[in-house]
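Input: a single structure, listed below in structure tokens.
The values are calculated or read from the model by the stated rules, or taken from the named source; none is laboratory data. The shown structure was predicted, so the numbers you read here are calculated from the model rather than taken from an experiment. Positions of Cβ are backbone-derived with ideal geometry, glycine not excepted, and every protein chain shown enters the neighbour counts. What goes into the accessible areas is simple: the full protein's heavy atoms, side chains included, and nothing from ligands, DNA or RNA. Shrake-Rupley method; radii C 1.70, N 1.55, O 1.52, S 1.80 Å.
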Amino acid sequence: REAFEAKYGDKLWDTDIAKFHHITKIEPLLRGLDELNSVAWITGRRRDQAVTRANMPIFEFDAKGRLKVNPIATWTRQDSWVYVAEHGVIYNPLHDQGYPSIGDQPITTKVGEGEDERAGRWRGSDKTECGIHI
């Protein structure tokens, strides 16, 4: 965090969230896809995660025409955890500590009882996505 702040300024995630996401998520993903000459990529998005994802297709194309596959789009949160339990999938222990959706370390907060699972991603903001999937 100290090296990041030295390069980009104090708490960029608070002062310019769009720039923060571009630097930490969007640019690295796009660069990696380009460097690998990728023609497709896979996401872990589910339709039940947010109203903005409710009609997400299984197959779509990104802005560069690469096939974007959302193989678990029809799964529910419960389906995901059943799969994890049945197959012994390793998962982030923060899920057991009140973080059902884990995003950027400096801005992800615990989710309270009855809140949407992504409520802790950009608390106090109207953001629903970091920009990777837009």
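Might you check whether a residue that is hydrophobic (A, V, I, L, M, F, W, C), exposed (fewer than 12 other Cβ atoms within 10 Å of the Cβ) and over 20 Å from Asp126 (Cβ atoms) occurs anywhere in region 25-38?
Residues of region 25-38 hydrophobic (A, V, I, L, M, F, W, C): 26, 29-30, 33, 36.
Narrowing the set further to residues that are exposed (fewer than 12 other Cβ atoms within 10 Å of the Cβ) leaves 36.
Retained after the next criterion (residues that are over 20 Å from Asp126 (Cβ atoms)): 36.
Taking every residue of region 25-38 in turn, at least one turns out to be hydrophobic (A, V, I, L, M, F, W, C), exposed (fewer than 12 other Cβ atoms within 10 Å of the Cβ) and over 20 Å from Asp126 (Cβ atoms).
Contact annotation: residue pairs with Cβ atoms under 9 Å, 6 or more positions apart or on different chains, pairing a residue in region 1-18 that is part of a loop (DSSP other than H, G, I, E, B) with a partner that is open to solvent by 100 Å² or more (accessible area, probe 1.4 Å), are Arg1/Gln105; Gly9/Thr15. Scanning region 24-42 for residues that are modelled with pLDDT of 95 or more, among the β-branched types (Val, Ile, Thr) and under 17 Å from the mean Cα position of the chain (by Cα) returns a single hit, Ile42. Candidates in region 78-112 are the residues that are closer than 16 Å to Lys127 by Cβ and among the aliphatic types (A, V, I, L, M); of these, the one that is surrounded by the fewest Cβ atoms within 10 Å (Cβ to Cβ) is Ile102. Just to verify a result, which residue in region 39-77, among those that are among the hydroxyl-bearing types (Ser, Thr, Tyr) and not in a helix (DSSP H, G or I), is nearest to Lys127 (Cα to Cα)? In this case the residue turns out to be Thr43. What are the residues in region 47-85 that are within 17 Å of Ile132 (Cα to Cα), charged (D, E, K, R) and modelled with pLDDT of 95 or more, if any? Within region 47-85, Arg47, Glu60, Arg66, Lys68 qualify.
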